[in-house]
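The values are calculated or read from the model by the stated rules, or taken from the named source; none is laboratory data. If you're wondering where the values come from, they're calculated on a predicted model, not measured in any experiment. So basically every Cβ, Gly included, is an ideal-geometry build from the backbone, and we count neighbours across all protein chains shown.
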Ligand SMILES: NC(=O)c1ccc[n+]([C@@H]2O[C@H](COP(=O)([O-])OP(=O)(O)OC[C@H]3O[C@@H](n4cnc5c(N)ncnc54)[C@H](OP(=O)(O)O)[C@@H]3O)[C@@H](O)[C@H]2O)c1
């Protein structure tokens, strides 16, 4: 037994790491024990990069007036206090890339993961015990933070080995939002009209590409984001991932309502919300036909605003909470990128410019 391992097996959901309140699960807990020693059924990792959830990073950046030093201090303070990166304002986290330092003895026979493997976590940082020794760099454009840190994955935790054919930074960006293209693949069907809010962001681009494939030549994909003059918006139009792009602020439901007849001769069968700001529930609902579906991937979604908003405008729509996990989501998200070389080039240029 190594010094980085503890002998006994504990709760596979990680409740043994909860410090307060007693009896809660790690995601709901206020504070976790991040001691960097693996129990028999845990995996201990040396963390290299955190990919902070976009909604969380935007809130932190705004609170720190876009000063990377202050963001680093805020991150260190949150993790120091809570033993995890669980933004107390947005309630969201992110994920990490790191190297396995030790695999508990009870797991070694059952999983292929070995010391030294590089992985991306596929469970939220809001439930991942994390201890930060130092923040080395905060990248304000992407929400990535290079750190010296350690993290624990529970037996129930999900992770993916980093693929050989993509730069790590690109894999990290895609895996962070893997649930979005995977859910679109499941929900979209030939002939459908699909509207994507936040279309020129990471999840929005992958959702549009996946929707384009699924709806086929008889379907339509509409992208919505604040400006048509961004590299992502241009990519969507030039490569035909969207049939139309609406430059509008999704918080302005009336402006969106005015744009709908132009962009969507018929309302959307499926609306996918991928924005990183609050107050866009009603726009998404108004774009969707009766008995259509709204998939709220955004972490800024308010259950109350969505439920009462739909009721208030008399919309009978199915609303889906953006579960970050869908079966095979990591493989589907990475394959979406591989299937679309222009999208892949865009992600490489944006997230790993040295590799492009
Ligand atoms: N459900 C899950 O498990 C899960 C996992 C990861 C992330 N998320 C959430 O998914 C959302 C998107 O994440 P991401 O990484 O794809 O974010 P991202 O790359 O930062 O993209 C955000 C998108 O929202 C757009 N946007 C911002 N304000 C807008 C407004 N007022 N009106 C219309 N569009 C607006 C942005 O447009 P501009 O670029 O032009 O500003 C951009 O297209 C975030 O809320 C994130 O927290 C959820």
Which one is farthest from residue 121 (Cα to Cα) among residues in region 141-157 that are within 16 Å of the ligand (Cβ to nearest atom) and surrounded by fewer than 19 Cβ atoms within 10 Å (Cβ to Cβ)?
-> 141
Looking for whichever is closer than 16 Å to residue 339 by Cα, touching a residue at least 60 places away in the same chain (Cβ under 8 Å), touching a helix residue (DSSP H, G or I) at 6+ places or on another chain (Cβ under 8 Å) and within 9 Å of the ligand (Cβ to nearest atom) here; the options are 235, 206. Which one fits?
-> 206
Tally, over region 259-290, of residues that are within 26 Å of residue 325 (Cβ to Cβ) and part of a strand (DSSP E or B) | 7
Take residue 332 and decide whether it is more than 13 Å from the ligand (Cβ to nearest atom), within 15 Å of the chain's Cα centre (by Cα) and at pLDDT 95 or above.
-> yes
For region 84-123, what are the residues that are under 17 Å from residue 57 (Cα atoms) and surrounded by fewer than 20 Cβ atoms within 10 Å (Cβ to Cβ)?
-> 88, 89, 91
Give the number of residues within region 90-139 that are more than 17 Å from the chain's Cα centre (by Cα) and in a loop (DSSP other than H, G, I, E, B).
-> 11
State the number of residues belonging to region 328-356 that are outside any helix (DSSP H, G or I), exposed (fewer than 13 other Cβ atoms within 10 Å of the Cβ) and without any contact (Cβ under 8 Å) to a residue 60 or more places away in the chain.
-> 0
Specify the residue that is farthest from residue 301 (Cα to Cα); the eligible residues are those in region 31-83 that are assigned to a loop (DSSP other than H, G, I, E, B) and within 16 Å of the ligand (Cβ to nearest atom).
-> 66
Within region 299-327, considering residues that are within 16 Å of the ligand (Cβ to nearest atom) and exposed (fewer than 14 other Cβ atoms within 10 Å of the Cβ), the one farthest from residue 184 (Cα to Cα) | 303
Please list, ordered by first then second residue, the pairs with beta carbon atoms under 6 Å, 6 or more apart or interchain, first in region 88-115 and touching a residue at least 60 places away in the same chain (Cβ under 8 Å) and on the phi < 0 side of the Ramachandran plot, second within 16 Å of the ligand (Cβ to nearest atom) and part of a loop (DSSP other than H, G, I, E, B).
-> 92/53; 92/299
Answer yes or no: is there a residue in region 216-231 that is over 21 Å from residue 257 (Cα atoms) and under 20 Å from the mean Cα position of the chain (by Cα).
-> no
Residue 246 over 18 Å from residue 328 (Cβ atoms), part of a strand (DSSP E or B) and over 21 Å from the mean Cα position of the chain (by Cα) | yes
Filter result for the condition that a residue is in contact with a strand residue (DSSP E or B) (Cβ under 8 Å, 6 or more places away or on another chain) and either modelled with pLDDT of 95 or more or within 13 Å of the ligand (Cβ to nearest atom) (or both), over 176, 168 = 176
Residue that is farthest from residue 185 (Cα to Cα) [pool: residues in region 221-232 that are near the ligand (Cβ under 7 Å from one of its atoms) and assigned to a strand (DSSP E or B)] | 225
Taking the options 193, 218, name whichever one is crowded, with 24+ Cβ neighbours inside 10 Å, more than 11 Å from the ligand (Cβ to nearest atom) and over 23 Å from residue 54 (Cα atoms).
-> 193
Quick check: anything in region 23-32 more than 26 Å from the chain's Cα centre (by Cα) and either over 18 Å from residue 100 (Cβ atoms) or at pLDDT 90 or above (or both)?
-> yes
Give me a count of the residues in region 269-291 that are surrounded by 23 or more Cβ atoms within 10 Å (Cβ to Cβ) and more than 15 Å from the ligand (Cβ to nearest atom).
-> 2
Before we move on, is residue 198 closer than 22 Å to residue 321 by Cα, within 9 Å of the ligand (Cβ to nearest atom) and either at pLDDT below 95 or surrounded by fewer than 21 Cβ atoms within 10 Å (Cβ to Cβ) (or both)?
-> no
So which of 195, 189, 209, 173 ends up being assigned to a loop (DSSP other than H, G, I, E, B) and at negative phi?
-> 189
